[in-house]
Amino acid sequence: DQENDESYLDRWLNSNYGEWREDAIRAELLTVPGVKYARVKTNRLMEKVKFDLQLEKVINEMVPKSIYCIIEGGTDEEIGEAIFKMHDFAVETNGLKETNVINKQGDKKIIRFDRPVLRQIEYRKKYELNNIEINDTEIDIIIKDYIKSVGPGEYLKSFRLQEILKNTYGSESFLYINIDFKRKDDKEASFEQTLLLDIREKAEGVLNNE
């Protein structure tokens, strides 16, 4: 029997060990010159999938039977070629960025993807030093550098920051440290010890002055 479009897309999206397909596309994207990081998500359903967090300058839902790539760095053209190389011509892509790719038969395909959105992550810090002087501004720099280093889809972790500060100044330098985070523009959110970034978010740390 001839395979219909829906069953073919099912087979493609679920073949090659399922989630390994996302890893393979991501690995190819990371070979593109200038790419700092990449995230890949698939929608295997025959319906749209909405993101819980609604953001500007990126898509907020994925079309049925499709892939979605979020990439920082690299040129649009080379990113389009990398995505095209690793996905099937019949599978749709998502995103506000568009670039044209032409296959060997001369057919044009529009490849879509997104760039991560810069979001301000507010942090609070409380600490007590153990008979040592440390410049408070230096601590802010370390915290902001850490927040900046955490990529889309990863966790901001207070305990990881505590480890970094203790490794920098000595394990006995602090009597206690407490650092927590929230999205600055989310007025209803509370500060948390861990904060999961959306796969479309790039974090920038700002100090809470209240």
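The values are calculated or read from the model by the stated rules, or taken from the named source; none is laboratory data. Note that the structure is predicted; figures quoted are calculated from it, not measured. All Cβ positions, glycine included, derive from the backbone under ideal geometry; neighbour counts span all protein chains shown. Note: accessible area is taken over every heavy atom of the protein model, side chains too, but ligands, DNA and RNA are not part of it. Shrake-Rupley method; radii C 1.70, N 1.55, O 1.52, S 1.80 Å.
Descriptive notes on the structure:
- In the set 179, 147, only one residue is within 25 Å of the chain's Cα centre (by Cα), within 30 Å of residue 78 (Cβ to Cβ), buried (at least 18 other Cβ atoms within 10 Å of the Cβ) and not charged (D, E, K, R); that residue is 147.
- Scan of region 64-89 for residues that are open to solvent by less than 50 Å² (accessible area, probe 1.4 Å) and assigned to a loop (DSSP other than H, G, I, E, B), ordered by number: 64, 65, 73, 74, 87, 88
- Within region 107-131, if we keep just the residues that are more than 21 Å from residue 79 (Cβ to Cβ) and open to solvent by 50 Å² or more (accessible area, probe 1.4 Å), the residue that is farthest from the chain's Cα centre (by Cα) turns out to be 131.
- The one condition from (1) at pLDDT below 95; (2) touching a Phe, Trp or Tyr at 6+ places or on another chain (Cβ under 7 Å); (3) surrounded by 15 or more Cβ atoms within 10 Å (Cβ to Cβ) that residue 12 does not meet is (2).
- On inspection, residue 138 qualifies as outside any loop (DSSP other than H, G, I, E, B) and either touching a Pro at 6+ places or on another chain (Cβ under 6 Å) or more than 29 Å from residue 56 (Cα to Cα) (or both).
- Residues satisfying the stated conditions in region 40-60, i.e. in a strand (DSSP E or B) and in contact (Cβ under 8 Å) with a residue 24 or more places away in the chain: 40, 41, 42, 43
- Candidate set: region 182-210, residues that are among the small types (Gly, Ala, Ser) and open to solvent by 20 Å² or more (accessible area, probe 1.4 Å); chosen: the one farthest from residue 70 (Cα to Cα): 190
- Qualifying residues in region 182-210 (those that are free of Cβ contacts under 8 Å to residues at least 60 places away in the same chain and in a strand (DSSP E or B)) - the one nearest to the chain's Cα centre (by Cα): 196
- For region 90-106, the candidate set comprises residues that are surrounded by 13 or more Cβ atoms within 10 Å (Cβ to Cβ), touching a residue at least 24 places away in the same chain (Cβ under 8 Å) and in contact with a Phe, Trp or Tyr (Cβ under 8 Å, 6 or more places away or on another chain); within that set, the residue that is farthest from residue 198 (Cα to Cα) is 91.
- Condition met for residue 116 (in contact with an Asp or Glu (Cβ under 6 Å, 6 or more places away or on another chain) and at pLDDT below 95): no
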